[in-house]
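The values are calculated or read from the model by the stated rules, or taken from the named source; none is laboratory data. Nothing here was measured: the structure is a model prediction, and the numbers come from that model. Neighbour counts are summed over all protein chains in view; Cβ atoms, including those assigned to glycine, are modelled from backbone coordinates with ideal geometry.
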Amino acid sequence: MDERTAEYVLASEQFRHGALLTWLHRLLRAFLSDFDINGILGTYPMHVLSTKQWKHLSETALHTLPPGETLFDSDRPKRLLDVGAGRGDATDELAPLFQGVTVTETSSQMARRLRKQGYTCLNEDISKSDKFNASFDVVSLLNVLDRCDFPMSLLATARSALKPGGLLLIALVLPYKPFVYDQGRPRAPLERLAIKAGQFEIAAAEFVTACLLPLGLEVLTLSRAPYLSGGDAQHALYELDDLIVVCRAKDELPLIGKKSDD
């Protein structure tokens, strides 16, 4: 717990929305996804890590490298791609560490909100896109992989978007219970991550070995942190357990699924 996180918790208790807004949010669920509703109403602000905490993790990752190796060309990474930025709450904490920030968001309401906040936002699903080849110093996937149809494809896209030696920042709620919104209603995703365990530590190990290492990603730090959501008439605060991973792209992108010549 740092000062910024404490401020968020205090604000959530003081400014949670009341019974009328809670009722309206639930009424709109018959027509829209939670993402679109939150974009329209400005409800349920999220918190993953503060700017200070992200800076600490980046510095810790730097210390794991052999002497003489660096992560970036300068002390301050130039470009961040934040995939699935949502309301922009987590992006706001990351943005001060970068010179340029691009975000993506599939919810049109959230995308409109992000643009009003001054972000360059692509309102599209980039899970199978090749437009970002080696373009960014850092790519972040913060609580996105359990809310999209093609999480492994999205991981591969994020990996390909990194410059050699770039960082991939991941936040993933464990236990892994994925779903996606289809015309406002939740359903199972078309593709799943290879995570089966219900215990946090075992599920984290499965994610690293089955999903990250095959993509040529070197894990530098693993953390466990609360994923917080602002409250409503029922609860002052909502909390889930996030796995936070900082990993580095190795020089060569492996060819997943390549057949041998034998």
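Only one of the listed residues (197, 210, 203) is in contact with a helix residue (DSSP H, G or I) (Cβ under 9 Å, 6 or more places away or on another chain), modelled with pLDDT of 95 or more and of a type in the set (Gly, Ala, Ser). That residue is 197. For region 110-119, taking the residues that are surrounded by fewer than 18 Cβ atoms within 10 Å (Cβ to Cβ) and either touching a helix residue (DSSP H, G or I) at 6+ places or on another chain (Cβ under 9 Å) or of a type in the set (A, V, I, L, M) (or both), the one that is farthest from residue 91 (Cα to Cα) is identified as 112. Restricting attention to region 24-38, and to residues there that are within 9 Å of residue 183 (Cα to Cα) and out of contact with any strand residue (DSSP E or B) (no Cβ under 6 Å at 6 or more places or on another chain), which single residue is surrounded by the fewest Cβ atoms within 10 Å (Cβ to Cβ)? Going through the qualifying residues, I end up with 31.
Within region 118-132, being among the hydrophobic types (A, V, I, L, M, F, W, C) and over 13 Å from residue 87 (Cα atoms) holds for 122, 126, 132. Screening residue 190 on (1) farther than 20 Å from residue 87 by Cα; (2) among the hydrophobic types (A, V, I, L, M, F, W, C); (3) in a loop (DSSP other than H, G, I, E, B); (4) in contact with a Pro (Cβ under 9 Å, 6 or more places away or on another chain) shows it passes everything except condition (4).
Please verify whether residue 204 is outside any strand (DSSP E or B), crowded, with 17+ Cβ neighbours inside 10 Å and in contact with a strand residue (DSSP E or B) (Cβ under 6 Å, 6 or more places away or on another chain), treating the condition exactly as stated. Criteria met by residue 204.
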